[in-house]
Structures are given as C-alpha cells and as structure tokens.
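The values are calculated or read from the model by the stated rules, or taken from the named source; none is laboratory data. Please read all numbers here as calculations on a predicted model, not as lab measurements. Note that each Cβ is placed from the backbone with ideal geometry, even for glycine, and that neighbours are counted across all protein chains shown.
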Amino acid sequence: MKNVKTLALAATAVAAMSAPTFAADRSDLRSGDYSWMQFNAMYAVNELPRDGSTDGGHDYMEMEFGGRAGIVDLYGYVDVFNITNRDYGDKGAGGGSSKLFMKFAPRFSIDAMTGWDLSAGPIQEVYFSTLFNWDGSVGEGVNSTFWGLGADVMVPWLGKTGMNLYGYYDLNAKEWNGYQFSMNWFKPVMNFENGTFISFQGYVDYQFGADAVDDAFVPKTSSGGAAYFGLHWHSDNYALGYGLKAYQDVYLVKDDGGSVGLESTGFAHYFTATYKF
C-alpha cells in the first residue's frame, strides 16, 4: 500500500500494531523480534500529481515489508509500475518516468539503545527516525532523505499510532529544505466469526517550512502533502482494500502552476488485493 503511500501502509501491518514496547521489558532485547512481508496488486485512479496526458488509472505491484529486530523498527516497500505494460501516460511505455519506487524507513529505539524508559502518558516508545525515498533513476531522480525523532503514541480510538517529525535533506541538491510530519495507524473496526476482520488504516505525510520555488515549468510551494484513508478486509493470508487519498500540493508541486500545469491537489482512489507471507 502506498505512499506516498505508505504507508501504508506506512508500518501498519497487524503484527506491527501488536509489537511489544521495549521500554517496558529489556531483559531480552530480541525476544520481541518479528517480521512480515506481503505482495499487493494495486490499481490507482486519478493519482496525483498528473498532467493531461495521464489517463484515469494505472496498475502496479508492490512488495511491502516490515518488522522489529532488537533496536530497529522497520517499514518499507518496493513498487513496480505498469506491470501489464499498457499506455498509462507518464507511467506507460515511453512515458518518461521511472518504473520503480522504493521507500525504506528504519527507526532506532532510543529506549532500547540507552536502557532508559522514555514512555510518558500516551507515549510508549521513542525513536531516532529515518526515511529514504528512491525512484531508481540515475542523476536527478527522487533521492530524498528525512532525519528526525519519532514515537509510538496511544491515540484515542485509533490505538497505537506511529508519529515522526523529520528534517528533509535533498541528496541531489545537498541541502536541508523544510520538515515533514508523518503518522500511520491500523485500527480493526469489525470482527467476523470466521476470524477475518475489517481495518481502518492509513497515514498522513505533510511537508512544511520548505523554500518556495517560482519555476516557470513546475513551481514549488512551501507546504503540502497527502493522507490515505483505507478500509481493508483481512484474513490470515489475504486482504482486499479500498482507499481514498487526499492531496494538497503533494511533493510541494504547486497545483496547476507553471507551463506544465500539473494537478497536485485533489483526490485519488486505490484498490488493493494482497497475499501475505
């Protein structure tokens, strides 16, 4: 599930939400280790940003993974776009965009590394958080890094929610440029007698404090982001889901700005079929 995606999504597997808090018991640091992986066949409709050459939807395959190993809490995914090799505008054959996108988000538990119990109130565990985004292009493709602090926070009704506040470092430009707040959640909302359930899951990624760029082709704003709100049916080995994604100047691209006129504000729809390993 994607991210922008990612989230979701964005470390929101069932196992991730039931992971132990090391601040509570450090007698055996590796006793709570777990891992998970799943493959998601996905179809996105009206994904942003997009221009007039892009049709209403495209398919992609996603390998999503995560887990906990000692001090490290990990989430990530790899997307391969247009697996059916159809004409999908910029994601079609000859469209010019990369066929790959990868998100890698390891967090390092400060509680576990130091032996301190940093839990307080709704805060369960505190992390040094990192995030890396790559699109597989050589040169000036997506090469983004984020560095900051995070925490697992108990939120009313949602339960344990991952939150992170990062500073953004652009590896292409070799400079810091603004901040990003991210959060993700996984909330079972309906359970069935056969053991399956429906979850409300999603994430928010919001950038702010960046330098606005008055580019003639693709102007950039100082803030923007996206939020995913999904309902997914889960069994032990399978899942089916629908998600609504809301955008505002996503990736800091100014909506309908410049000569390219990319749409970067609006809504998109995501349909997901999952096989769990």
Next item on the list: Please give the number of the condition E62 fails out of (1) more than 21 Å from T265 (Cβ to Cβ); (2) at pLDDT below 85; (3) among the acidic types (D, E).
Entry: (2)
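Residue-wise test of (1) closer than 20 Å to Y60 by Cα; (2) touching a strand residue (DSSP E or B) at 6+ places or on another chain (Cβ under 7 Å); (3) surrounded by 16 or more Cβ atoms within 10 Å (Cβ to Cβ); (4) not charged (D, E, K, R).
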{"site": "M190", "(1), (2), (3), (4)": "no, yes, no, yes"}
{"site": "E193", "(1), (2), (3), (4)": "no, no, no, no"}
{"site": "S199", "(1), (2), (3), (4)": "no, yes, yes, yes"}
{"site": "F208", "(1), (2), (3), (4)": "no, yes, no, yes"}
{"site": "A227", "(1), (2), (3), (4)": "yes, yes, yes, yes"}
{"site": "Q248", "(1), (2), (3), (4)": "no, yes, yes, yes"}
{"site": "F277", "(1), (2), (3), (4)": "yes, yes, no, yes"}
Check: Can you spot a residue in segment 175-184 that is aromatic (F, W, Y), modelled with pLDDT of 95 or more and either crowded, with 18+ Cβ neighbours inside 10 Å or farther than 27 Å from G258 by Cβ (or both)?
Finding: no
Check: Taking into account only those residues within segment 83-96 that are surrounded by fewer than 19 Cβ atoms within 10 Å (Cβ to Cβ) and touching a Phe, Trp or Tyr at 6+ places or on another chain (Cβ under 8 Å), which is modelled with the lowest pLDDT?
Finding: G95
Check: Which ones in segment 224-277 are among the small types (G, A, S) and more than 17 Å from N184 (Cβ to Cβ)?
Finding: G224, S235, G257, G258, S259, G261, S264, G266, A268, A273
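Tell me, which residue of segment 141-174 that is outside any strand (DSSP E or B) and surrounded by 14 or more Cβ atoms within 10 Å (Cβ to Cβ) is modelled with the lowest pLDDT?
Looking at the filtered set, the residue picked out is G141.
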Checklist line | Where a residue in segment 194-214 is under 21 Å from N184 (Cα atoms) and its partner, wherever it lies, is of a type in the set (V, I, T) and outside any loop (DSSP other than H, G, I, E, B), with Cβ under 7 Å and at least six apart | finding: I198/V189; S199/V189; F200/V189
